[in-house]
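Working notes, structure below.
Please treat every number below as a calculation from the coordinates, not as lab data. Quick caveat: nothing in here was measured; it's all calculated off a predicted structure. Ideal geometry is used to build each Cβ from the backbone, glycine not excepted, and the neighbour counts take in all protein chains shown.
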Amino acid sequence: MKATASDKWLHSHQFHTSNLGAERKTRLAVWLTAIMMVAEIAGGWFFNSMALLADGWHMSSHALALGLSLLAYAAARRYATDRRFAFGTWKIEILGGYSSALLLLGVAGLMAFQSVERLLTPGPIHYDEAIFIAVIGLGVNLICAWLLRDDHAHHHEQNHEHGHHQHDLNLRSAYLHVIADAATSVLAIVALVAGKLWGAAWLDPVMGLLGAVLVALWARGLLRDTGRVLLDAEMDAPLVEEIREAVAALPVQASITDLHLWRVGKDQYACILGLACTTELSADRVRQALAEHEELAHITVEVNAIAHPDR
C-alpha cells in the first residue's frame, strides 16, 4: 500500500519563495559596491595609480557577483508559483550561490596573477591617494557586510532554535564577496602604509597573494556547500539516522528497503521511504512517527507486506 505526498508540502510550507529581506539588503549592497567601484576606477585613472585601478576592477567582479545573487532572488520569487518546479524555486538561489563562488575563484586567480606581476615588475605607487580611497572602500565594504551579516545571523539563530544549521547560501555568497573585498582592502591599507613609512613596496604584492589565498579558501567552502545541495548529497545528514531510529521504534518490526532524502528548502527536506514488514502497518502510522521532525516537509511512504518466514 502506498501513500502520496503529504498535504503539508502543498499548503503549509511556502519556503521556496525567496527571502524579501535578504533580497532588499543585497540590492542595497549592489548599489554601494557599484558606486565605490566607479570611484576607485576614476580615482585610479585621475591619480595615475595602478593599485587603485586594479582594486576598482577587482571590485567590479564583486559587484557582478552581488548582482548575480540579486538576480537569483528575483528569479526564485518570480517563478515561485510555477508548477514546472516540482519542489519550488529555492535551488535557483543555490545555483546563484554556486555561480558566485566560481566568480570568487576567478577573482582569487586574478588577484594572484596581478600580485605576482607586480612583484616581478614593481612600479611607483601614489601612497596618499591610494590609502585615502582604500580606506573609503573599506568603509563601504564594512557597511555592506553589516547589512548582509545582520540577515545571515538572523537566519542562523532562527534555524538554531529549531535544531537545524542551514543557511541562506545565496546570501552567504554575497556576504563572502563583500568580506573578501573588505579583507583585501585591509591588506592593501597595511601594505600601503608600510610602503609609505618604511619603503616596503614589496608588501603590496605579498599582501595581494595572501588575500588571493583567503578568497580561494572561502570560495572552496561555498562551492562545497552549494554543490552538496545541487547534487542532493544528503544521505550522510543526521536526519537520515533519525529516520532510521523512528522506524526502529515502530510498534511492529519493519525493515527499510528504500530511503532517499534530499533538501528542497533552507531547512526543509523531502523523503521517500520504503518499508517491508510481516505484520500490517499503515503508511499513515509511519508518517505519524516521522511527524516530530518538522524539517520533513514532503514524505512519501511505501509499505510492502512480506510473508512470515515460518509460514
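Can you tell me the FRET efficiency between V190 and L20 if r is taken as the Cβ-Cβ distance and R0 is 45 Å, rounded to the nearest 0.05?
Values: r = 38 Å, r/R0 = 0.85.
It comes to 0.70.
Between F113 and R78, how high is the FRET efficiency from 1/(1 + (r/R0)^6) when r is the Cβ-Cβ distance and R₀ = 35 Å? Nearest 0.05. Mind showing how you got there, number by number?
Values: r = 38 Å, r/R0 = 1.07.
With R0 = 35 Å, the Cβ-Cβ based efficiency is 0.40.
How large is ³J(HN,Hα), in whole Hz, for each residue of the stretch 192-208 in order, when computed from phi with the Karplus curve 6.51 cos²θ - 1.76 cosθ + 1.60 and θ = phi - 60°, using x for Gly and Pro?
The phi angles translate into 5, 5, 5, x, 5, 7, 10, x, 8, 5, 5, 5, 4, x, 5, 5, x Hz.
State the antiparallel share, in %, of DSSP beta bridges confined to the stretch 238-305, rounding to the nearest 5.
On the way: 10 of 19 bridges.
Roughly 55 percent of the beta bridges in the stretch 238-305 run antiparallel, per DSSP.
Applying 1/(1 + (r/R0)^6) with R0 = 45 Å to the Cβ-Cβ distance of E241 and R27, what FRET efficiency is obtained, to the nearest 0.05? Don't jump to the answer; show the numbers that get you there.
Values: r = 40 Å, r/R0 = 0.90.
Once rounded, the FRET efficiency stands at 0.65.
With each pseudo-label sitting 7 Å past Cα toward Cβ, what's the L230-D258 distance in nm, one decimal?
About 2.8 nm separates the two model spin labels.
Between L105 and A249, what length comes free when the chain is fully extended (0.36 nm per residue of separation minus the Cα-Cα distance, one decimal in nm)? Numbers along the way, then the final one.
Values: separation 144, 0.36 × 144 = 51.84 nm, distance 4.69 nm.
That pair, L105 and A249, stretches by 47.2 nm at full extension.
So which trypsin sites (Lys or Arg not before Pro) in the stretch 75-152 pass both tests, a DSSP loop state and at most 14 other Cβ atoms within 10 Å of the Cβ?
On the way: sites: R77, R78, R83, R84, K91, R118, R149; in loops: R83, R84.
Taking the stretch 75-152 and a limit of 14 other Cβ atoms within 10 Å, the loop trypsin sites (Lys or Arg not before Pro) found are R83, R84.
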